[in-house]
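Undergrad: The structure is given below, and queries will be raised subsequently.
Each reported figure results from applying straightforward, stated rules to the coordinates on display, with no laboratory input. Everything numeric in this text was worked out from a predicted model, so none of it was measured. All Cβ positions, glycine included, derive from the backbone under ideal geometry; neighbour counts span all protein chains shown.
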Amino acid sequence: MLRIIVLCFVFIMSGCVYKIDIQQGNIVTQEMLSKLELGMTKQKARFVLGTALLQDMFHQNRWDYFYSVQKHLEIPQQRHISLLFEKDILVAINGDVPDDLRNKLPSVTPKVEKQEPLL
């Protein structure tokens, strides 16, 4: 009888494990991306997307926005978006821009398979 009670308790408790969703980096929505335009200043781009997660001191004209989310029992998702500036003016947007948004925005540069190293 005690074995049955212990087994029932173990089965009940095994279904009670809860894992939280883990979000890291900059959350960049489609709405935020749709507000970006070529020719924007760094100040306006920072207002739209927020401060970049990575601003390399050796590449001050490149801002990288990374985002990853790990949900319970799902494959982790990652996004990367790079903004490239020349003389404080936005000249290119690279990275994981959704296709439906890429078609709407002529300012988005084509997806690049290989990017220059950060260092």
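Undergrad: Once fully extended, how much extra length lies between Phe9 and Ser34, figured as 0.36 nm per residue of separation less the alpha-carbon to alpha-carbon distance?
TA: 3.8 nm
Undergrad: For a protection proxy built on the mean count of beta-carbon atoms within 10 angstrom, sort 59-68, 43-52, 19-28 highest first, please.
TA: 59-68, 43-52, 19-28
Undergrad: Could you give the length gained by full extension between Leu73 and Glu86, i.e. 0.36 nm per residue of separation minus their alpha carbon distance, to one decimal place?
TA: So the chain would gain 0.4 nm between Leu73 and Glu86.
Undergrad: Can I ask one more? Before anything else, pin down the relative contact order of region 21-104: Cα pairs under 8 Å, at least 6 apart, normalised by residue count, whole percent.
TA: RCO, region 21-104: 30 percent.
Undergrad: Here's a follow-up. How large is the convex hull of the C-alpha atoms of region 27-74 per residue, in Å³?
TA: So the per-residue Cα hull volume is 98 Å³.
Undergrad: Can you compute the radius of gyration and Dmax for region 21-104, using only the Cα atoms, both in Å?
TA: Expressed in Å, the Cα Rg and Dmax of region 21-104 come to 13.4, 45.
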